[in-house]
Amino acid sequence: MLGLMQQWPLLCHKILDNAAIQHGKREIVSRSCEGPIVRTNYVELRQRSLKVAQRLERDGFKLGDRIATLAWNTGRHLEAWYGIMGIGAIYHTLNPRLFPEQIVWIMNHAEDQAIFVDLTFMPLVEKIAGAVPSLKKVIVLTDKAHMPATSLPNAVAYEEWLAEADGDFEWASVDENTAAGMCYTSGTTGEPKGVLYSHRSNVLHAMIAAMPDAMGISSRDVVLPVVPMFHANAWGLGQSAPMIGAKLVMPGGKMDGASIYELLDTEQVSFTAAVPTVWLMLLQYLQETGKKLPYLKKVVIGGSACPRAITQKFQDNYDVQVIHAWGMTEMSPLGTLGTLKPEYAGLTGDARLNVQQTQGFAPFGVEMKVTDDNDNTHPWDGKTFGRLKVRGPAVANAYYGGAGAEQFDADGWFDTGDVAHIDPNGYMQITDRAKDVIKSGGEWISTIELENLAVGHPDVAEAAAIGIRHSKWDERPLLVVVKKPGKEPSRDDILGFMSGKIAKWWMPDDVAFVAEIPHTATGKIQKSALRAQFRDYRLPTD
Ligand code: ADP
């Protein structure tokens, strides 16, 4: 027997409709690419999104078209997203930090039909547009006065283009499983792979993300997504914030400590989210200037492991709650968040920080398990680590075009490629990427644990552990270290500091000092490049 309840398809534009009705005057504040701070609200944002949709349709774009965006977090970028989805087309965020050849590869794979681009990235688009035959139109996110002279034949200034529409338009009525958005993984191994979100998965993810023990945001919050919309959908905040009617503050292209502080302060931001590097810059700025954070209540930190010192400084020095989060593009992207269950809520000091070093627990809508290489499930004992697998309504069930099929199994589990353990209370901790873990004599050594320990040394700026071929043990760890400016730690200093804090057989066999450690476009240590660099390295123990 079927239930007698209404069919109310979960469509992204309903988020914006509701925001305009219930929270219409709430502001969206953007640092524009032209410079000034620009203010709009949910009523206006919805109206302009309708114009984007109307205008796109008039230009001949249609259901299922992939429309790229190459832009910072601004109100205009958000309007473009909702306008694109509003005709049943698919917003495709491009990461400007990738190499131009990678962007060309991705755009051709997706067959992007048009692109919305910020002024900052015009030189990049001018360089690559000729190599993307499917591209019919370039919409420059600016007004006529700021429109640059360009060699592109099909470029228009966004405001001029938009002014030709009146917004008298109806959102496309599509099935909730229709594709809405697209984002490619950065392809640190092999070619980038396309993840295709649906309206339904976006709406459900927004609801999951907003829940109290996840991000826990409400209409009383002022939300600053520093994490870019081109990096895993700004962790869903472009949908969660309008869904619950929070004021949004969009940082544009400026993410240095002073610029972020200015927005936190003048807009009285209560909630923000970004990768650890952004917070290192902010904390340094605060330390240098002696400024405080009177309005900020919560910061979500993820994308790579959050160093303990960042969590400690935010909480102890500035009274800001840190939520360590883990996720990936394939998960829309949230997977786990480190809010405290009653079992841990009473903890203080180091015991609390220990829990916050884990990546937290999965909210409703994310199932997790950890298995060995033969898919046998490990116990949740907080120490047995293995392959982390997930499933849920906002988790990919395939990549666009069918690449990477081996990561999806018949029961719907997606192999994340991460290695982790889960404790009896459900708190998951990433110990490595499956391709980075060091396999020594048949046992696994966590490179992340070695790195976290090494960066605790006062003279170490950054550290990366990689496996080096060893005739007896297969692989043994080499620790690659960048020294802090003006400091000269020795190999023995660092090994002495680590000794006794980890199992003896986990200790690195050697330390190599380098000027710089290579990073990916999303700020992660590029282990593949590092392994190539040290391919011929001979360990003193071999
Ligand atoms: P990209 O490689 O483009 O950055 P993602 O943003 O999807 O792609 O990266 C997801 C990966 O980032 C995860 O599989 C995991 O390895 C890593 N990651 C994300 N958050 C954390 C975290 N809090 N701690 C450790 N690793 C993390």
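Within the stretch 265-309, being within 16 Å of the ligand (Cβ to nearest atom), surrounded by fewer than 22 Cβ atoms within 10 Å (Cβ to Cβ) and of a type outside the set (A, V, I, L, M, F, W, C) holds for Pro276, Thr277, Lys298, Ser304, Pro307, Arg308. Once the stretch 413-433 is narrowed to residues that are out of contact with any Ser or Thr (no Cβ under 7 Å at 6 or more places or on another chain) and of a type in the set (Gly, Ala, Ser), the residue that is farthest from Gly327 (Cα to Cα) is Gly426.
Output the residues belonging to the stretch 139-193 that are open to solvent by less than 50 Å² (accessible area, probe 1.4 Å), of a type in the set (Asp, Glu) and within 21 Å of Arg66 (Cα to Cα). Result: Glu176, single match. Gly194: closer than 28 Å to Ala521 by Cα and modelled with pLDDT under 95, yes or no? Spelling it out, it is not the case that Gly194 is closer than 28 Å to Ala521 by Cα and modelled with pLDDT under 95. Only one of the numbered conditions (1) over 14 Å from Gln429 (Cα atoms); (2) within 16 Å of the ligand (Cβ to nearest atom); (3) surrounded by fewer than 21 Cβ atoms within 10 Å (Cβ to Cβ); (4) not hydroxyl-bearing (Ser, Thr, Tyr) is not met by Met331, and that is (3). A residue that is open to solvent by 30 Å² or more (accessible area, probe 1.4 Å), under 27 Å from Gly194 (Cβ atoms) and away from the ligand (no atom under 16 Å from the Cβ) occurs somewhere in the stretch 376-393. For the residues Pro363, Pro333, Pro342, the requirement of being more than 29 Å from Ser198 (Cα to Cα) and either at pLDDT 95 or above or of a type outside the set (A, V, I, L, M, F, W, C) (or both) singles out Pro342. Just one residue in the set Trp105, Trp171, Trp161 is in a helix (DSSP H, G or I) and closer than 24 Å to Val43 by Cα; that residue is Trp161.
For the stretch 194-209, the condition of being touching a helix residue (DSSP H, G or I) at 6+ places or on another chain (Cβ under 9 Å), within 16 Å of the ligand (Cβ to nearest atom) and open to solvent by 40 Å² or more (accessible area, probe 1.4 Å) holds for at least one residue.
The single condition among (1) surrounded by fewer than 17 Cβ atoms within 10 Å (Cβ to Cβ); (2) within 16 Å of the ligand (Cβ to nearest atom); (3) among the charged types (D, E, K, R) that Glu451 does not satisfy is (1). Annotation note: of Val355, Val370, Val395, the sole residue that is at pLDDT 95 or above and in a loop (DSSP other than H, G, I, E, B) is Val395.
The values are calculated or read from the model by the stated rules, or taken from the named source; none is laboratory data. All figures in this text were calculated on a predicted structure; none of them were measured in a lab. Positions of Cβ are generated from backbone atoms using ideal geometry, with glycine treated the same way; all protein chains shown enter the neighbour counts. Calculation scope for accessible area: heavy atoms of the full protein, side chains included, ligands and nucleic acids excluded. Shrake-Rupley method; radii C 1.70, N 1.55, O 1.52, S 1.80 Å.
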